[in-house]
Amino acid sequence: MVISENIVKMLAQKRNLTDDEFVALIESAEYDDLLFAESDRARRAVYADEVYIRGLIEFTNYCKNDCYYCGIRKGNKDAVRYRLDKQEILECCREGYALGFRTFVLQGGEDPYFTDAIFCDIISAIRSEFPDCAITLSVGEKQRKSYQAYFDAGANRYLLRHETADAAHYCRLHPECMSLENRKRCLFDLKDIGYQVGSGFMVGSPYQTSRNLVADLRFLQELEPDMIGIGPYITHAATPFRNEKNGGLELTLRMIAILRLMFPYALIPATTALGTIAPDGRERGLKAGANVVMPNLSPVRVRRLYELYENKICTGEEAAQCRGCLERRVESAGYKIVTSVGNVRR
Ligand code: 5AD
Ligand code: FES
């Protein structure tokens with residue numbers, strides 16, 4: 001398919017393209033400058049130059065799943081496992097609050113230790129100590145009643161990337177016991193319960209095609225999430241994908257820009273994975289349309305252990321203050337960090 005510059009204008013106006021047009025745009029680097037200029041305009045129209053910060057607390061790296069791409073998969077017997085207790089998690093929140101965070105993201109593997117009762121107790125404790133903050137959960141696939149219990153305990157947002165919206169591709173990234181169908185069920189349950197929901201996918205994961213990426217865009221049109229997290233796939237030596245290539249920076253930036261034009265209201269992070277494949281990856285993500293950053297609030301002693309992929313940034317002593325580091329980075333990109341709960345503007 002032959003495309004011209006008009007395709008970017010068309011996407012900006014209609015917030016949509018045909019499948020073939022999307023494939024052509026995804027595969028062409030030619031329009032990137034124009035695409036980024038348009039996506040920045042769309043982002044500024046809704047969010048001005050504001051960038052929201054979310055304090056990420058990686059509270060357990062135990063996981064019962066065995067996803068082929070992930071460094072903390074249960075099959076990785078070399079992983080040193082840890083979990084934070086309630087007091088340690090609250091301590092992270094207190095430090096974060098003092099630094100200006102008004103959203104805490106509790107992310108972890110699917111760790112059976114955290115039963116609904118234990119997890120709800122932690123959520124309620126955060127809710128009562130920080131009534132003016134948003135509590136975001138990212139703990140994987142659960143039963144609807146568990147999601148409801150967390151919500152009732154005070155959680156208000158949930159991140160669950162669909163990873164890939166193509167069922168055959170999904171099977172190539174996950175063991176047989178996991179299904180795209182259940183993942184989708186979770187996302188619609190979360191929305192129905194009343195969470196602000198985030199989904200997303202990895203860019204350049206093994207076997208991914210441009211058509212798969214179009215399927216991801218189509219699924220997001222159906223879900224209409226408030227938050228969309230994407231980042232490059234990055235290989236990890238202790239996984240079956242150890243010999244696979246990393247996802248590309250350029251393609252990830254192009255996908256961020258396309259998402260911004262399709263979903264002008266969305267909260268889109270410049271992810272840690274993006275900052276890992278290029279030193280200025282997150283700054284470039286912001287310029288391509290991202291408007292959220294998620295500095296690490298986990299205790300420094302466990303940061304290296306939450307290793308989803310190799311060479312993850314922000315894991316050393318020097319990174320104890322990601323907040324300050326990111327403030328400078330965001331400013332250098334031409335935006336400003338704001339201290340607010342940072343709800344979606346739809
Ligand atoms: N490279 C990049 N991203 C990864 N994730 C998991 N493993 C990797 C990897 N090897 C992403 C998944 C998951 C999120 C928490 O991290 O998309 O949803
Ligand atoms: Fe973590 Fe820069 S953001 S060290």
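A short reminder: the numbers here are calculations on the coordinates, not readings from a lab. Since the structure is predicted, the reported quantities are computational estimates derived from the model, not experimental observations. Don't worry about glycine lacking a Cβ; one is built from the backbone with ideal geometry, like all the others, and counts go over all protein chains shown.
Using θ = phi - 60° and the Karplus curve 6.51 cos²θ - 1.76 cosθ + 1.60, what whole-Hz ³J(HN,Hα) does each residue of region 7-21 get, with Gly and Pro shown as x?
Result, rounded to whole Hz: 4, 5, 4, 5, 4, 5, 7, 8, 6, 6, 9, 6, 4, 5, 5.
Suppose R0 equals 45 Å; then what is the FRET efficiency for Asp132 and Glu310 from their Cβ-Cβ distance, rounded to the nearest 0.05?
Using R0 = 45 Å, I get an efficiency of 0.75.
Compute the Cα gyration tensor for region 206-346, then decide on rounded, prolate or oblate, letting a ≥ b ≥ c be the square roots of its eigenvalues: rounded whenever a/c is under 1.5, prolate when a/b is larger than b/c in the other cases, and oblate in all that remain.
Oblate shape, in that a/c is at least 1.5 and b/c is the bigger or equal ratio.
Work out, step by step, the length gained on full extension between Glu250 and Asp280: first 0.36 nm times the residue separation, then minus their alpha carbon distance; give nm to one decimal.
9.6 nm
For Lys86 and Ala319, what does the FRET efficiency come to when R0 = 22 Å and r is the distance between their Cβ atoms, rounded to the nearest 0.05?
In this case the efficiency is close to 0.35.
Using a Förster distance of 30 angstrom, determine the FRET efficiency expected from the C-beta separation of Arg44 and Met1, and round it to 0.05.
Approximately 0.50, to the nearest 0.05.
Express in nm, to one decimal, how much length is gained between Asp33 and Lys145 on full extension, taking 0.36 nm for each residue of separation and deducting their alpha carbon distance.
35.7 nm
Can I get the semi-axes of region 67-204's equivalent ellipsoid? Compute them from the C-alpha gyration tensor as square roots of 5 times the eigenvalues, in angstrom, largest first.
Here the semi-axes work out to 27, 18, 14 Å.
Could you tell me the distance between the Cα centroids of region 46-106 and region 327-346, to the nearest Å?
Value for the Cα centre distance between the two parts: 20 Å.
Label-point separation (nm) for Ser332 and Ala237, each offset 7 Å from Cα along Cα-to-Cβ?
2.9 nm
Can you classify region 255-301 as rounded, prolate or oblate using the Cα gyration tensor, where a ≥ b ≥ c are the square roots of its eigenvalues, rounded means a/c under 1.5, and otherwise it's prolate if a/b beats b/c and oblate if not?
Oblate, since a/c reaches 1.5 and b/c is not below a/b.
For the chain, what is the mean residue ellipticity at 222 nm derived from helices alone (per DSSP H run of n ≥ 4: -39500 (n - 2.57); sum divided by total residues; nearest 500 deg cm²/dmol)?
-12500 deg cm²/dmol
Whose amide H sits under 5 Å from the amide H of Leu267, counting only residues 5 or more places off or on another chain, with H placed in the peptide plane?
Here the answer is Met227, Ile228, since their amide H atoms fall under 5 Å of that of Leu267.
Against the longest alpha carbon principal axis of the chain, how many degrees, from 0 to 90 and to the nearest 10, is the axis of helix 86-98 turned?
Tilt relative to the chain: about 50 degrees.
Using only the Cα atoms of region 2-107, what are the Rg and Dmax in Å?
Cα only, region 2-107: 21.3, 58 Å (Rg, Dmax).
Given a cut-off of under 8 Å on Cα pairs at least six residues apart, what relative contact order in percent is computed for the chain?
24 percent
Please label the shape of region 220-277 as rounded, prolate or oblate, based on the square roots a ≥ b ≥ c of the eigenvalues of the alpha-carbon gyration tensor (a/c under 1.5 means rounded; beyond that, a/b larger than b/c means prolate, else oblate).
Prolate, since a/c reaches 1.5 and a/b exceeds b/c.
How large is the charge dipole for the chain, taken about the Cα centre, if only the Cβ atoms of Lys, Arg (+1) and Asp, Glu (-1) carry charge, to the nearest 20 debye?
360 debye
If I take the Cα coordinates of the chain and project them onto the principal axes, what are the three extents in Å, biggest first?
Largest first, the chain extends 57, 43, 40 Å along its Cα principal axes.
Between Ser210 and Arg172, 0.36 nm times their residue separation minus their Cα-Cα distance comes to what?
12.1 nm
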